[in-house]
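Presented below is the structure to which this report refers.
The values are calculated or read from the model by the stated rules, or taken from the named source; none is laboratory data. Quick caveat, the model's predicted, so the values are computed rather than measured. We place every Cβ from the backbone using ideal geometry, glycine too, and count neighbours over all the protein chains shown.
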Amino acid sequence: MMRLRRASVIVALSLLLAWVTTASAEGAWVLWRQSLTGDKELWFAQEAYANVSECRAGEAVRNRAEERIRAETPPAEKRTRPAFSYLCLPDAIDPRGPKGK
């Protein structure tokens with residue numbers, strides 16, 4: 001079951017990456033923070049960038065910092081602390097999904 005879930009995530013991210021790389025690198029990019037607590041997933045826009053390279057640099061710095069924090073967090077606190085990760089997307093993509101009318 002875990003392998004199937006992991007494979008599904010890998011396929012979804014690969015498709016997203018393929019689509020994102022076709023997007024204009026000259027347009028605005030947004031750095032999003034994903035917060036995972038239990039089975040709850042939330043997305044928050046963090047910063048906007050003029051190009052993909054600046055956004056990816058900010059993404060890398062923040063993800064490395066989050067990895068260090070996770071490594072230093074005691075096991076008892078890991079259960080209650082949300083896990084964060086960061087992702088750059090073109091400004092036309094909202095990971096929260098379509099807005100209802």
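Taking the chain and the helices (runs of 4 or more DSSP H) fully enclosed by it, the elements with 3 or more residues that are small (Gly, Ala, Ser) and modelled with pLDDT of 75 or more are at 52-72. Scanning the range 23-67 for residues that are in contact with a helix residue (DSSP H, G or I) (Cβ under 6 Å, 6 or more places away or on another chain) and without any contact (Cβ under 8 Å) to a residue 40 or more places away in the chain yields 25, 49. Return a yes/no flag: does the range 50-60 have any residue that is over 20 Å from residue 28 (Cα atoms) and polar (S, T, N, Q). Checked against the condition, which is being over 20 Å from residue 28 (Cα atoms) and polar (S, T, N, Q), the range 50-60 yields no hits at all.
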